[in-house]
Structure formats: structure tokens, C-alpha cells
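Here is the structure we will look at.
A short reminder: the numbers here are calculations on the coordinates, not readings from a lab. All values derive from a computational prediction rather than experimental measurement. Neighbour counts run over all protein chains shown; Cβ positions are idealised from the backbone, glycine included.
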Amino acid sequence: MFNSYTETTLAYNPTICINCGICSNVCPHGVFVPGEHAAVLVAPASCMECGACMRNCPVQAIVVESGVGCAEAMIRAAITGSKNETCGCSGEDDSLSCCCGGSKV
């Protein structure tokens, strides 16, 4: 069973990447950085599954099922009026972060 606290749906195919750098520009958590020939997936566990990289990739080298991870927790908190508007991905306490294997939601 998929556990959105310890896994992400992010799938990246570097063989079709054209190294345009858009994914690294739009990712709020620095999951990608430009490489020599293709983007490099440097922090997959930090992916909050917002889908910005996938929506902006001109060659569809990135696939992610947005709305199943950290981004959903943040949206849910905003809709319900919860004081916890994020899920802990700020780096203050990674042990509580849904992006880093914790269970703060």
C-alpha cells in the first residue's frame, strides 16, 4: 500500500530530459537541479507532490500524482482553517515532516 508519508509518486526519466532547468526553477523544495546533460533528481524525499515540475516540463520527463502528499495536507489545513498551514517541510523539525518520513499533518 502506498504511504504518502514515506514515499512519493514522483517519477523522472532523465533520458528524455532536455536540461531546460524549468523543473529546478518551479520546485519549491529543490528536488531538481540542472545537470551536465539532464536535470538531476537530488532530493526526491523533499517532493511535496504539487505537480509544478510535471506541468512545466516541456518534454514530459516528469510524472507525479499531485494531491496525494504534502501539498494535500497544506491545502486541507487552509480549507479547514487549521493553524498548521504547512506539514512541517520548512526544515525546522524534519522528524515531524510528511516530506521526510514523519507524521505531522
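Summary table
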item: Peptide ranges 8-19, 39-50 listed from the most packed, as the mean C-beta count within 10 angstrom indicates; result: 39-50, 8-19
item: Length added when fully stretched, residue 80-residue 66, from 0.36 nm per residue minus Cα-Cα; result: 3.1 nm
item: Surrounding net charge for residue 11, when Lys and Arg each add one and Asp and Glu each subtract one, Cβ distance under 14 Å; result: -3
item: Amide H within-cut-off set for residue 40, under 5 Å, with H built and near neighbours excluded; result: 33, 35
item: For residue 57, distant residues with modelled amide H under 5 Å away; result: none
